[in-house]
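Worksheet: the structure to be examined is printed underneath.
Quick note: the coordinates plus some simple rules give every number you see, no bench work behind them. All of these numbers come straight from a predicted model, not from anything done at the bench. Cβ placement follows ideal geometry from the backbone for every residue including glycine, while neighbour counts extend to all protein chains displayed.
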Amino acid sequence: MKLLMKGNEAIAEAALRAGCECFFGYPITPQTELLQYMAKKLLKSGGVFIQAESEVGAINMAYGASSCGKRVMTSSSGPGISLKQEGISYLAGAQLPCVIVNIMRGGPGLGNINAAQSDYLQATKGGGHGDYKVIVLAPSSVQEAVELTIKAFDLADKYRNPVMILGDGMLGQMMEVVEFDENYQPQKVEKPWAVTGERNREKRVTNSLYIVPEELEKHNFKLKEKYEKIKESEVMVEEYLTDDAKAIFVSFGMCARIVKSAVNKLRQAGEKVGLVRPITLWPFPENELKSYASKNEVEFFVDVEMNLGQMIEDVKLSVEGKKTVHFYGRTGGMVPTIQEIMDFYYSLKE
Amino acid sequence: MGFKRPECLTKESMHYCPGCGHGIIHRLIAEIIDEDYKESKIIGVAPVGCAVFIYDYFNFDFVAAAHGRATAAATGVKRSIPDALVFSYQGDGDIAAIGTSEVIHAATRGENFTAIFVNNGVYAMTGGQMAPTTIPGQVTVSSPYGRDPKKQGYHIKLCEMLVPLDGVAFVARTSIHNLKNIEFTKKAIKRAFEVQMNNEGFSIIEVLSNCPTNWGLSPCESMKRIENEVLKYYSLGIFKDKGRGI
Ligand code: SF4
């Protein structure tokens, strides 16, 4: 069935279809419709919906419910996600699945409520304390947001790890036609670690405390092993018109959609350009970028973001200095136009 | 009948300092569970503080929460498994400073679990700093001249703050400084669990406890200090029991 839905609501609907039983949130623009949608549905269906006293409260409720083996979601925007970081670190440390949505806005501080990609580094480089990783998925359309939300729950359970959907205010607020697979049934996942209170078995504890250094090191190595496995198996990337490209744009999320239009226009004008769009921001498609960097015909890269250069660090690391990586970005809620991107490209060729 | 280890306590030896009240309070909880909830689902929510290893001492499930967040985690737990007996076990720094927001809102929402709040007036695990519950005049390593309300504010009375909230079904403050009060503590925890199992709403017991180590007193002296000094600032009793019209 095709529906016209706002990004925030489509993510919420997808979560429910993925079997999300518990939602804990706190209002913040531009993600609030997600919370409202969950309230409307979960309060009727017998699920758990709590509008928490703060983002700190919400993420820790999620920690409790996830400990009990439930499929759990929480959502917010930049400033609220900053408050959740403590809880995200605990979720990662205790190896608890949880889907966290960040509908980004302009920062730093209170910034503004407009679309921006201000939180790439926060999402992919930890954000909270300690050695841990969160799987980060960056949809560039409402339809893709639906698909990635469903996938996020499966990934979270599969790896017992928090998964973040990183969208921006534009994605959250815009309406697009979406299609849900009516035959889809959420995976039933066994959780032999879940705290259920039952007494006729060995006790279970969800915890991230390892007071003995040898034990914490062992635990962290175990996490590292898991992260390596995720890096090997879960990278998602769109490669668009890159086969014969001489210049490769790199961009993610909604911004990549604008870049894609610029690529199309540049192609019409005879320019050999392509686009690499990381769909998983962590794990980052470093091998893909590395292989383009090694191609003789590729002359340079152009990283375009709605911030002042965050993903570019990963792009440069992947390119390993083999080619120049240029940057074009708008910030503060400003969205780059197709023309701006084209002009920037032409300026590089001068 | 001999003095036996309650069945729901593990054989692990506790890491608490000799004479510390945590051991007494753990035992009371264990006795109640053995007496009334042998077959029930039970989930404890552990704090950060001296009782951070509490999950090692009981043989049922635990969720170990972040500092101050036990009442939020317990909310998620109880909402997920409503037929389990759920309790958080938290010290005064945990529940009455960093976790104030979480406990007030769990309480006012009427979350149907029990918070066991151990008040010994200091941040014990980090070495005895002033807590929100430190009484006026009390010397700690971060109130070295004695807590001066003019400079450091007054001690917090969490129970009194929670009583007016409609979601709160049971509030008691008890102490463990002598046998009579230990018995009263047991009765209060027992009643709080009962209130929870009747789905009446949020329940909390504040237990005045000792910290001989950071108070610099012998275990006996520390119990006397509760009686002679702490009780001047904290009154004992059942402040609210909705089901019984109190
Ligand atoms: S430091 Fe104080 S509260 Fe902590 S275990 Fe020792 S006596 Fe008990």
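Work through the residues other than A:Gln310 whose Cβ is under 10 Å from its Cβ and net out their charges, Lys, Arg +1 and Asp, Glu -1. Don't jump to the answer; show the numbers that get you there.
Numbers: positive: A:Lys125; negative: A:Asp119, A:Asp303, A:Glu305, A:Glu313, A:Asp314.
Net charge around A:Gln310: -4.
Mean-square fluctuation check for chain B, GNM, Cα pairs under 10 Å: which of B:Gly21, B:Gly153, B:Gly121 is largest?
Result for chain B, Cα springs under 10 Å: B:Gly153 fluctuates most.
Per-residue Cβ counts within 10 Å, from other chains only, averaged over B:30-40: what number is that? Spell out each step's value before the answer.
Values: counts 0, 0, 0, 1, 0, 0, 0, 1, 1, 2, 3.
That average works out to 1.
Mind listing P(r) for segment A:54-144? All alpha-carbon pairs, 5 Å bins, whole percents.
3, 14, 24, 25, 19, 11, 4, 0
Within 10 Å of each residue's Cβ, count the other Cβ atoms and sort B:Glu229, A:Glu13 from fewest upward. Please list the in-between numbers first.
Values: B:Glu229 13, A:Glu13 20.
Placing the least packed residue first, the sequence is B:Glu229, A:Glu13.
At 37 °C and 0.692 mPa s, what whole-number value in µm²/s does Stokes-Einstein give for the translational diffusion of chain B, with Rh from the Kirkwood sum over Cα pairs?
Numbers: Rh = 17.8 Å.
It comes out at roughly 184 µm²/s.
Okay, helix-only estimate at 222 nm for chain B: each DSSP H run of n ≥ 4 adds -39500 (n - 2.57), divide by all residues, round to 500 deg cm²/dmol; what do you get?
On the way: 8 runs with 75 residues, N = 246.
It comes out at -8500 deg cm²/dmol, rounded to the nearest 500.
With springs only between Cα atoms under 10 Å, which of B:Glu194, B:Glu221, B:Glu12 fluctuates most in a Gaussian network model of chain B?
B:Glu12
With θ taken as phi - 60° and the coefficients 6.51, -1.76 and 1.60, list the Karplus ³J(HN,Hα) couplings across segment A:34-40 in order, rounded to whole Hz; mark glycine and proline as x.
Here the 3J(HN,Hα) series is 5, 4, 5, 5, 5, 4, 4 Hz.
Arrange the following residues from fewest to most other Cβ atoms within 10 Å of their Cβ: A:Leu348, A:Leu137, B:Leu9, B:Leu179. Display every interim value, and only then the final one.
Working: A:Leu348 14, A:Leu137 28, B:Leu9 19, B:Leu179 8.
The fewest-first ordering by Cβ neighbours comes to B:Leu179, A:Leu348, B:Leu9, A:Leu137.
Output the antiparallel fraction of DSSP beta bridges having both residues in segment B:47-161, as a percent to the nearest 5.
Values: 3 of 8 bridges.
Close to 40 percent.
Roughly how many whole Å is it from the C-alpha centroid of segment B:219-246 to that of segment A:74-123?
Between the Cα centre of segment B:219-246 and that of segment A:74-123, the gap is 43 Å.
So what does log10 I(q)/I(0) come out to for the protein assembly as shown at q = 0.06, 0.07, 0.12 Å⁻¹, using the Debye formula with one equal point on every Cα and no solvent?
Relative scattering, expressed as log10 I(q)/I(0), comes to -0.37, -0.48, -1.12.
Skipping prolines and chain starts, which residues have an amide H placed within reach, meaning under 5 Å, of the one on B:Ile204, given they are 5 or more residues away or on another chain?
HN-HN under 5 Å from B:Ile204: B:Ala115, B:Phe170, B:Val171, B:Ala172.
Taking H placed 1.01 Å from N in the peptide plane, check which residues at least 5 places from B:Lys41 or on another chain put their amide H under 5 Å from its amide H.
Under 5 Å from the amide H of B:Lys41 lie the amide H atoms of B:Leu85, each far enough along the sequence or on another chain.
Restricting to segment A:78-182, compute how many DSSP beta bridges are antiparallel as a %, nearest 5. Present the calculation step by step, with values, prior to reporting the outcome.
Numbers: 2 of 12 bridges.
Of those bridges, close to 15 percent are antiparallel.
What does the C-alpha gyration tensor say about the overall shape of chain A? Classify as rounded when a/c is under 1.5, otherwise prolate if a/b is larger than b/c, or oblate. Working shown, then result.
Numbers: a/c = 1.99, a/b = 1.52, b/c = 1.31.
Prolate shape, in that a/c is at least 1.5 and a/b is the bigger ratio.
Would you tally the net charge around A:Ala293, using a Cβ to Cβ cut-off of less than 14 Å, leaving A:Ala293 out, and scoring K and R as +1, D and E as -1?
Working: positive: A:Lys246, A:Lys290, A:Lys295, A:Lys316, A:Lys322, A:Lys323; negative: A:Glu239, A:Glu286, A:Glu288, A:Glu297, A:Glu299, A:Asp303, A:Asp314, A:Glu320.
Result for the neighbourhood of A:Ala293: -2.
What's the center-to-center distance, using Cα atoms, between segment B:27-49 and segment A:165-190 in Å?
Cα centres, segment B:27-49 to segment A:165-190: 41 Å.
Out of the DSSP beta bridges found with both residues in segment A:179-333, what percent are antiparallel (nearest 5)?
Working: 4 of 18 bridges.
Of those bridges, close to 20 percent are antiparallel.
How crowded by other chains is A:205-217, given as the mean number of beta carbons from other chains within 10 Å of each beta carbon?
Working: counts 10, 10, 8, 2, 6, 0, 3, 0, 0, 0, 0, 0, 0.
The shielding value for this peptide is 3.
Taking Rh as the Kirkwood radius computed over C-alpha pairs, what is the Stokes-Einstein D of segment A:234-350 at 4 °C in a medium of viscosity 1.567 mPa s, expressed in µm² per second?
Calculated translational D: 94 µm²/s.
Once each part is reduced to its C-alpha centroid, what is the distance from segment A:274-325 to segment A:229-256 in angstrom?
That distance is 8 Å.
Go through segment B:104-113 residue by residue and turn each phi into a ³J(HN,Hα) via Karplus (6.51, -1.76, 1.60, θ = phi - 60°); whole Hz please, and just put x for glycine and proline.
Computed from phi, the couplings for segment B:104-113 are 4, 7, 4, 5, 6, 6, x, 4, 8, 9 Hz.
What full-extension length gain, to one decimal in nm, is calculated for A:Leu121 and A:Glu297 as 0.36 nm per residue of separation minus the Cα-Cα distance?
60.3 nm
Cut-off is 10 Å between beta-carbons; in what order do A:Asp314, B:Asp94 appear when sorted fewest neighbours first?
Numbers: A:Asp314 22, B:Asp94 32.
Ordered from fewest to most neighbouring Cβ atoms within 10 Å, A:Asp314, B:Asp94 come out as A:Asp314, B:Asp94.
Run the simple label-point estimate for B:Lys4 and A:Glu217 please: 7 Å along Cα→C-beta, distance reported in nm.
4.4 nm
May I ask for the Kirkwood hydrodynamic radius of segment A:9-83, worked out over all distinct Cα pairs and given in angstroms to one decimal? Write down the numbers at each step before the final one.
Values: mean 1/r = 0.0833 Å⁻¹.
Evaluated on segment A:9-83, it is 12.0 Å.
Looking at segment A:71-125, which trypsin sites (Lys or Arg not before Pro) are DSSP coil and have at most 14 other C-beta atoms within 10 Å of their C-beta? Mind showing how you got there, number by number?
Working: sites: A:Arg71, A:Lys84, A:Arg105, A:Lys125; in loops: A:Arg71, A:Lys125.
Listed in order of number, the matching sites are A:Lys125.
For segment A:102-177, max minus min Cα coordinate along each principal axis, in Å, sorted largest first?
33, 32, 13
Within 10 Å of each Cβ in peptide A:48-60, how many partner chain Cβ atoms are there on average? Round it to a whole number, please. Walk me through the numbers on the way to the answer.
Numbers: counts 6, 1, 8, 1, 8, 8, 4, 0, 8, 11, 3, 5, 13.
Shielding by partners across A:48-60 averages 6.
Pull up all non-local amide H partners of A:Cys98: gap of 5 or more, or a different chain, and H-to-H distance under 5 Å with H placed in the peptide plane.
Those qualifying (amide H under 5 Å, at least 5 residues apart or on another chain) are A:Asn161, A:Val163.
Can you tally the net charge around A:Leu42? Count Lys and Arg as +1, Asp and Glu as -1, for every other residue whose Cβ sits under 14 Å from the Cβ of A:Leu42. Display every interim value, and only then the final one.
Working: positive: A:Arg17, A:Lys40, A:Lys41, A:Lys44, A:Lys70, A:Arg71, B:Arg79; negative: A:Glu9, A:Glu13, A:Glu21.
Charge balance in the 14 Å sphere: +4.
Can you list the HN-Hα couplings for segment A:124-134, worked out from phi with the Karplus curve (6.51, -1.76, 1.60; θ = phi - 60°), rounded to whole Hz and with x for Gly and Pro?
For segment A:124-134, the Karplus curve yields 9, 9, x, x, x, 8, x, 7, 8, 9, 10 Hz.
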